[in-house]
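Worksheet: one structure, shown below.
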Amino acid sequence: MKSFVVVGCGRFGSAVAETLYNLGNEVLAIDGDEEVIEAISGHVTHAVQADVMDENVMRELGIRNFDVAVISIASNLEASILATLIVKELGVKKVVAKAQSDLHGKVLRKIGADKVIFPERDMGVRVAHNLSSKGIIDFIELSPEYSIMEIQSVKQWTGKSLAQLRLRNKYGINVMAIKRGSDINVSPGPDDVICEGDILLALGSISDMARIEEKTSE
């Protein structure tokens, strides 16, 4: 079990906090709005109304004892930046911060955020990929260079093994898992055969994934 502190409990922050708690983790939710804290209090380990820009208050809450801090404030840039700086200086091992723009993200990285996320932009990218290719079920951008895709197997792949398909040679992608109904074959070998309806979880560069998108759209 890990311990998380979620700072800012709007729609995004609340979803993160509640999901982490439901997964069996210890979660402290912090927000300056009393009504927000009342709403989330029954869905996390602890919920506290506090000024996230007050370093003394954050120190008294024992922030340094948490494994991960999620700064989910984006609309208030001052609060976002100060909260990120404070939790980092208090000694939280990993700080994940939500950004509203590229410039906001650059500032957060400069002051110590270990990971910066752009929820709206990332979701837009995923939706666009899903809409543009009928064979792409889901798309997750890991970095500007690499991504993971859930790919619906095409007719030409049915009955062939991964060795026969040579997907790495042809498209530069690595198949990490094969989903067949409710079963998942993790780290499939070269002799594993693709069946109709299989879903492949693949890792590759953005450019390689673009090539496989073209294939599955045929």
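Throughout, read-outs are computed from the coordinates displayed, never taken from laboratory work. All values derive from a computational prediction rather than experimental measurement. Note that each Cβ is placed from the backbone with ideal geometry, even for glycine, and that neighbours are counted across all protein chains shown.
Within the range 48-86, find all residues whose amide N lies under 17 Å from a label point positioned 7 Å from the Cα of L103 along Cα-to-beta-carbon.
Residues 74-82 fall inside that zone.
Taking Rh as the Kirkwood radius computed over C-alpha pairs, what is the Stokes-Einstein D of the range 3-117 at 4 °C in a medium of viscosity 1.567 mPa s, expressed in µm² per second?
Details: Rh = 13.5 Å.
My calculation gives 96 µm²/s for D.
Give, as a single signed number, the net charge of other residues whose beta carbon lies under 10 Å from the beta carbon of S205, with Lys and Arg counted +1 and Asp and Glu -1. Present the calculation step by step, with values, prior to reporting the outcome.
Working: positive: R211; negative: E145, D208.
Counting the neighbours of S205, the net charge comes to -1.
Between S75 and H43, 0.36 nm times their residue separation minus their Cα-Cα distance comes to what? Walk me through the numbers before you get to the answer.
Working: separation 32, 0.36 × 32 = 11.52 nm, distance 2.38 nm.
Result: 9.1 nm gained on full extension.
Less than 9 Å Cβ to Cβ from G112, Lys/Arg counted +1 and Asp/Glu -1: what total charge do the surrounding residues give? Don't skip to the end; give the middle numbers.
Values: positive: K88, R109, K110; negative: E89, D114.
So the surrounding residues net to +1.
Under 28 Å between alpha carbons, and skipping anything fewer than 8 positions from K106 in its own chain: which lysines qualify?
Cα-Cα hits under 28 Å: K2, K88, K93, K94, K98, K115.
Treating the beta-carbon of each Lys and Arg as +1 and of each Asp and Glu as -1, no other charges, what is the dipole magnitude of the range 1-115 about its Cα centre, to the nearest 20 debye? Numbers along the way, then the final one.
Details: 12 positive and 16 negative charges, 154 e Å.
Roughly 740 debye for the range 1-115.
Extending each Cα 7 Å along its Cβ direction at R211 and D51, get the distance between those two points in nm, one decimal.
That separation, rounded to one decimal, is 5.8 nm.
If you take every residue apart from S14 with its C-beta less than 13 Å away from the C-beta of S14, what net charge results, scoring Lys and Arg +1 and Asp and Glu -1?
Values: positive: R11, K98; negative: E18, D31, D33, E35, E38.
Residues near S14 contribute -3 overall.
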